[in-house]
Amino acid sequence: MRPGAASRSAGGVSSRAAGEERALTSVAAGDRYEEPKDLPRLWHVTLSVSGQEAPLKEVRRALEQLAHDHPFLLTSRYANDHAEIRYWEEARDLHDAAAVALRLWGEHRQSAGLPPWEIVGLEVIDRETYHQRIAEGCGPLPAAPVGVHPF
């Protein structure tokens, strides 16, 4: 019997010593588990838009409608000529997350009544990088309070 393996008696009761750990049999010794590369991951997205001035009430209402239509939005900050939207996106890789983010404003301009602003900034980082930045105190503050707020 190999070290750490438990033997079974005829009654099915383990004969390993108290405190002795069972050996894993599903992974060969020395092998490491690796996440499959094609599984979705979480990406933190910050989308910045700007353009001609619009009434603050209309900007707020539009961002609230966007958040209602897509509850994945964490927080939006706005002024009369620019806004920032932060949210988590589940995607296979950075390219997919960025592609979705770059379509967000244009695809929902009509349905949410968003101003005709252009995207002027995009940051997409993986979950680990986001949490590392927060821990180091050099990342964006966590989205609190969640919702739509003026700058």
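So here's what we get for this one:
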read-out: Cβ crowding within 10 Å averaged over residues, with 99-110, 74-85 ranked highest first; value: 74-85, 99-110
read-out: Rounded percent of accessible protein surface that carbon and sulfur make up, region 88-129, 1.4 Å probe; value: 47 percent
read-out: For residue 117, residues with placed amide H under 5 Å, excluding near neighbours; value: none
read-out: Charge context of residue 100, other residues only, Cβ under 12 angstrom, K/R +1, D/E -1; value: -3
read-out: Local electrostatic count, residue 86, Cβ distance below 14 Å [Lys/Arg +1, Asp/Glu -1]; value: 0
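The values are calculated or read from the model by the stated rules, or taken from the named source; none is laboratory data. All of these numbers come straight from a predicted model, not from anything done at the bench. All Cβ positions, even for glycine, are placed from backbone atoms using ideal geometry, and neighbour counts span all protein chains on display. Note: areas computed on protein heavy atoms with side chains; ligands, DNA, RNA excluded. Shrake-Rupley method; radii C 1.70, N 1.55, O 1.52, S 1.80 Å.
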